[in-house]
1. Roughly what would the spin-label model give for residue 151 and residue 131, points 7 Å off Cα along C-beta, in nm?
2. Once label points are set 7 Å from the Cα along Cα→Cβ at both residue 86 and residue 158, what is their separation, rounded to one decimal in nm?
3. For the ranges 127-137, 104-114, 152-162, what's the packing order if you count other beta-carbon atoms within 10 Å of each residue, average per peptide, and put the highest first?
């Protein structure tokens, strides 16, 4: 059961990274030239058929953003963290990694993009990600994600210890857990 939970955690992180090209927030204004906005779609994505051109542009979007490469990088990072904290999971994680095929996952994700975005939406996203600002975002994103994961881990540990201490105090535990959190390894 624990192995299944680990597998789901890893795959969830990978899927989140592959979804990033479509859901990234508009970055703060910069001196870079603005990307021309496309007009709102006249049809809803669900009404629009999947054409070979739309599928090709979705693939292009995923390629331009490096979603597959970033997904593999994040997946490897999560797997390293799991093995570091649970050495007994090393064989499972190694076997799981050897079975993972990013291209297979991408094939399954393409219809999801088609479901929520029109072909014009996809073209607009590709145009943004190919712009200097989009490329700068893509270049910085792996480090932003790594730093965010470290902050999130520290935040979660601190919060977990705080809650655990409160529960122990309510139960009258003799020695409550300390709230201090050691910085994550860099």
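1. Label-label distance for residue 151 and residue 131, simple model: 2.4 nm.
2. Distance between label points: 2.6 nm.
3. On the way: 127-137: 17.2, 104-114: 15.6, 152-162: 12.8.
By packing density, highest mean first, the sequence is 127-137, 104-114, 152-162.
Values quoted throughout were computed directly from the atomic coordinates according to the rules given, and no laboratory measurement underlies them. This is a predicted model, so every value here is computed, not measured. Every residue, glycine among them, receives a Cβ derived from its backbone with ideal geometry; neighbour counts consider all protein chains shown.
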